[in-house]
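Participant: Below is the structure I would like to discuss, written out as structure tokens.
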Amino acid sequence: MQTTQFQNFIGGRWVSSESGNSYPVNNPAFKNVILGTAQRSDIVDAKRAIESAHQALSRWAETPAPQRGTIIYRAFELLRARKSEFAKTITEEEGKSLSDALGEVNRSMNILEYAAGEGRRMFGQTTPSELPNTLAYTTRRPLGVVSIITPWNFPLAIPSWKIAPALICGNTVVFKPATSTPLSGINLVSLFEEAGLPPGVLNIITGPGSAIGDTLVTHPMVKGVSFTGSTDTGSRLYSMGARQLKKVQCEMGGKNAVIVLSDADIEKALTAVVEGAFGSTGQRCTATSRLIIEDAIYDNFISALIDMTKKLRIGYGLLPGIDIGPASSEEQLEQILRYIELGKVEGATLAYGGNRITGAEFDQGFYVEPTIFTDVEANMSIAQEEIFGPVLTCFKVKDFAEAISICNNVQFGLSSSIYTRDLSKAFSYVNQVEAGMLHINAPTLGGEVHLPFGGTKASGVGTREQGTEAINFFSEITTVYVDYAG
Ligand code: ADP
């Protein structure tokens, strides 16, 4: 069978990397299956893409925002028509179940639809001036060329929620998808091409971030950078951008906790914890990785949790009824297994799971059991570091105050959740918890596209993503004073 070769898209043309180098894209459920080859781009390709984006900038910036919105809306309609095809690609290259992949496509559709409408809003302010016969108002301009660097866990939705607001604000884009999941990114770019986006406005180059990442941040034509990925890479890029006084936003790791108080709706909390910890193989930035339970209900909750976890169906994401697919890559599987070993060595109790799944078709992929650790202490690595896999660490606490203290005792602050019927404790939690997104009686997961997404502490830096905050990041505010006295 001939391998499909996927190309870069630069200046409105699908092209190979200058060096001619490419790399295979694998299916994490069948490690020997190659889905195609993608371009191994280097600095020359990055520069070409940035220059193309720069050339396309003035025309796109001058296109009225509602017209830019019409193109984004067309992309939304095309995505709606290709929903199942795009979801299948997500499952094939990332590994998540088809129902999770369809959820991801839905999210991307919502993003495109919302961003298209922003073309008719993009509000500024008008205010009274302190001077007579003077009009004072604000308006928005694009930043210019922006670089967008994305991870593999949401290969369609994360690029969508960065690219759509960047485009509606009149920026031109160089987009580098994650090395292991370039195909959904290429799908998204093709959608915009078909929707009628002018050449050069959106460019994609694939390949390792280590080779081209620095150029995407430091090239003088690049005025803004939006990154999602690890805290290590994000902080490196942020400091590089800051030295050149560029606008940079980074969404990074999480160690999200669910607190279950003794008065909680237990069934509801159990479902949320299982979906939050193990759904999408625990590879969501908003996944639940810590569970903090009040003493009085701890034992019963853990045993019900193990019963529910046992029922999860693990396997190839395209098969019907599968809840959990494989880890997204061999490196990811190794990282998860390393943390499981570390948890045991550090003295936590392995209450469920903990093994790589082997035998029959599982040998072909990177499968690991959903894993639950109990007797976890706050200073253990599995309690502090992002594992990014289906591993849940459980803490027993004596009361609400201790729950809050454990919840905040990590470097991250992305999302968090509490299950309680006590309104006073719920709002006290809202006031005290250090995280960007809070859920009361709902899982740590997700977010709606018209609301800000992002975290505090080591989870996020720069303006939040999505909603009107995305417009604030991808545009520059200009303040205008007009003396109309004559
Ligand atoms: P993860 O692999 O957990 O998603 P990474 O931070 O390693 O997190 O990767 C996120 C994105 O950043 C990917 O597109 C990756 O290729 C890119 N990347 C990795 N290293 C660098 C780097 N040094 N400079 C810029 N981008 C990078």
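Participant: For the stretch 209-221, state whether one or more residues are among the hydroxyl-bearing types (Ser, Thr, Tyr) and closer than 22 Å to Arg59 by Cα.
Facilitator: Within the stretch 209-221, not a single residue is among the hydroxyl-bearing types (Ser, Thr, Tyr) and closer than 22 Å to Arg59 by Cα.
Participant: Moving to a separate point now. Collect the residues in the stretch 303-324 that are of a type outside the set (Gly, Ala, Ser) and buried (at least 18 other Cβ atoms within 10 Å of the Cβ), keeping them in residue-number order.
Facilitator: Going residue by residue through the stretch 303-324, those that are of a type outside the set (Gly, Ala, Ser) are 305-314, 316, 318-320, 322-324.
Of everything in the stretch 303-324, those that are of a type outside the set (Gly, Ala, Ser) and buried (at least 18 other Cβ atoms within 10 Å of the Cβ) turn out to be Leu305, Thr309, Ile314, Tyr316, Ile322, Asp323, Ile324.
Participant: Shifting gears a bit: When residues of the stretch 216-229 are filtered for being surrounded by fewer than 24 Cβ atoms within 10 Å (Cβ to Cβ) and within 26 Å of Gly36 (Cα to Cα), how many remain?
Facilitator: 1
Participant: Can you spot a residue in the stretch 45-68 that is of a type outside the set (A, V, I, L, M, F, W, C) and in contact with a helix residue (DSSP H, G or I) (Cβ under 6 Å, 6 or more places away or on another chain)?
Facilitator: yes
Participant: Can you tell me which residue within the stretch 178-196, out of those that are open to solvent by 20 Å² or more (accessible area, probe 1.4 Å) and closer than 25 Å to Tyr73 by Cα, is nearest to the chain's Cα centre (by Cα)?
Facilitator: The residue in question is Asn187.
Participant: In the stretch 171-178, is there at least one residue being within 14 Å of the ligand (Cβ to nearest atom), in a helix (DSSP H, G or I) and in contact with a Leu (Cβ under 9 Å, 6 or more places away or on another chain)? Break it down stepwise before answering.
Facilitator: Step one: filter the stretch 171-178 for residues within 14 Å of the ligand (Cβ to nearest atom), giving 174-178.
Filter once more, so that each one left must be in a helix (DSSP H, G or I): none.
The answer is no; no qualifying residue exists.
Participant: Pull out all pairs, ordered by first then second residue, where Cβ-Cβ is under 8 Å, the residues are six or more apart or on different chains, the first lies in the stretch 226-247 and is in the same structural domain as Thr150 (by TED's automatic domain parsing), and the second is open to solvent by 50 Å² or more (accessible area, probe 1.4 Å) and near the ligand (Cβ under 7 Å from one of its atoms).
Facilitator: Phe227/Thr233; Met240/Asp214
Participant: Another one. Condition test on Lys83, is it free of Cβ contacts under 8 Å to residues at least 40 places away in the same chain and either among the basic types (Lys, Arg) or assigned by TED's automatic domain parsing to the domain that holds Pro28 (or both)?
Facilitator: Criteria met by Lys83.
Participant: So, restricting to helices (runs of 4 or more DSSP H) that lie completely within the stretch 49-124, which ones have at least 2 residues that are over 17 Å from the mean Cα position of the chain (by Cα) and among the small types (Gly, Ala, Ser)?
Facilitator: Numbers: elements: 65-81, 83-94, 98-118.
Passing ranges, in order: 65-81, 98-118.
Participant: So, one more: Kindly provide the set of residues from the stretch 212-244 that are more than 7 Å from the ligand (Cβ to nearest atom), within 16 Å of the chain's Cα centre (by Cα) and among the aromatic types (Phe, Trp, Tyr), ordered by number.
Facilitator: Of everything in the stretch 212-244, nothing turns out to be more than 7 Å from the ligand (Cβ to nearest atom), within 16 Å of the chain's Cα centre (by Cα) and among the aromatic types (Phe, Trp, Tyr).
Participant: Of all residues in the stretch 198-210, which are within 12 Å of the ligand (Cβ to nearest atom), out of contact with any strand residue (DSSP E or B) (no Cβ under 7 Å at 6 or more places or on another chain) and over 14 Å from Arg236 (Cα atoms)?
Facilitator: Taking the stretch 198-210 as the starting set, the residues that turn out to be within 12 Å of the ligand (Cβ to nearest atom) are 204-210.
The next check asks that each one be out of contact with any strand residue (DSSP E or B) (no Cβ under 7 Å at 6 or more places or on another chain); those that pass are 208, 210.
Once the filter is applied, which keeps residues that are within 12 Å of the ligand (Cβ to nearest atom), out of contact with any strand residue (DSSP E or B) (no Cβ under 7 Å at 6 or more places or on another chain) and over 14 Å from Arg236 (Cα atoms), the stretch 198-210 yields only Pro208.
The values are calculated or read from the model by the stated rules, or taken from the named source; none is laboratory data. On a predicted model such as this, the values are computed, not experimentally measured, just so you know. Every residue, glycine among them, receives a Cβ derived from its backbone with ideal geometry; neighbour counts consider all protein chains shown. Surface accessibility is based on the protein's heavy atoms, side chains included, excluding ligands, DNA and RNA. Shrake-Rupley method; radii C 1.70, N 1.55, O 1.52, S 1.80 Å.
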